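Undergrad: Handing you this structure, nothing more for now.
The values are calculated or read from the model by the stated rules, or taken from the named source; none is laboratory data. This is a predicted model, so every value here is computed, not measured. Cβ atoms come from the backbone with ideal geometry, glycine included; neighbour counts cover every protein chain shown. Side chains included, ligands, DNA and RNA excluded: accessible areas come from the protein's heavy atoms. Shrake-Rupley method; radii C 1.70, N 1.55, O 1.52, S 1.80 Å.
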Amino acid sequence: MQQYAAESSKFDRLLDRREQAAAAVAESRPTRGKGAGAIDDVRKMLGDAMQQWLVTLGTQNTKGAHFDEDLVLYVDGAKFSTTTHQSGSTRTRIVLAFHAALLDVSLARGGNHPAGLFSMRLSSMS
């Protein structure tokens, strides 16, 4: 009985330590709230750079481009995908503007960009 009580007490202590460790890990993980400021800044910079590049490339058939909270590209209010209404030359300009905007934002931030910025692909926007 004494051995059982000792083991039970040890088990309870270990469970408490495990819960404390799990709480510490959860606290140290970046959350949407903690890193939201940097992502919001990047999203705004990316949208502004995208607009600037669309103008620079002479894209006249689009009214605007922006990125949602998941950094998905929207052109003229619709998610940019393989089935959007733009012509071939306009789509080419959008793709060029997208890549140029990514590079601009990365360079403007000194190569310091939130994780996932360069994992964005136009093919994932379909």
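Undergrad: Under the condition of being assigned to a loop (DSSP other than H, G, I, E, B) and of a type in the set (Gly, Ala, Ser), which residue from the range 81-109 is nearest to the chain's Cα centre (by Cα)?
TA: Among residues in the range 81-109 that are assigned to a loop (DSSP other than H, G, I, E, B) and of a type in the set (Gly, Ala, Ser), the one nearest to the chain's Cα centre (by Cα) is SER81.
Undergrad: Okay, moving on. Looking at LEU46, LEU57, which is the one that is modelled with pLDDT under 90, in contact with a strand residue (DSSP E or B) (Cβ under 9 Å, 6 or more places away or on another chain) and closer than 30 Å to VAL95 by Cα?
TA: Within the list LEU46, LEU57, the selection yields LEU46.
Undergrad: Out of the residues in the range 80-126 that are of a type in the set (D, E, K, R) and open to solvent by 70 Å² or more (accessible area, probe 1.4 Å), state the one that is modelled with the highest pLDDT. Steps first, please.
TA: Step one: filter the range 80-126 for residues of a type in the set (D, E, K, R), giving 91, 93, 104, 109, 121.
Now restrict to residues that are open to solvent by 70 Å² or more (accessible area, probe 1.4 Å): 93, 121.
Numbers: ARG93: 89, ARG121: 49.
Top of the filtered list is ARG93.
Undergrad: Residue by residue through the range 57-76, note down the ones that are open to solvent by 60 Å² or more (accessible area, probe 1.4 Å) and either of a type in the set (A, V, I, L, M, F, W, C) or in contact (Cβ under 8 Å) with a residue 12 or more places away in the chain (or both).
TA: Across the range 57-76, the qualifying residues are ASN61, LYS63, HIS66, GLU69.
Undergrad: Further question: Kindly evaluate ALA36 against the criterion of being modelled with pLDDT of 85 or more and of a type in the set (Gly, Ala, Ser).
TA: Against the criterion (modelled with pLDDT of 85 or more and of a type in the set (Gly, Ala, Ser)), ALA36 does not qualify.
Quick grid of which residues meet (1) over 25 Å from LEU103 (Cβ atoms); (2) among the acidic types (Asp, Glu); (3) not in a helix (DSSP H, G or I):
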residue: GLU7; (1), (2), (3): yes, yes, no
residue: ASP16; (1), (2), (3): yes, yes, no
residue: ALA24; (1), (2), (3): yes, no, no
residue: GLU27; (1), (2), (3): yes, yes, no
residue: LEU46; (1), (2), (3): no, no, no
residue: MET50; (1), (2), (3): no, no, no
residue: TRP53; (1), (2), (3): no, no, no
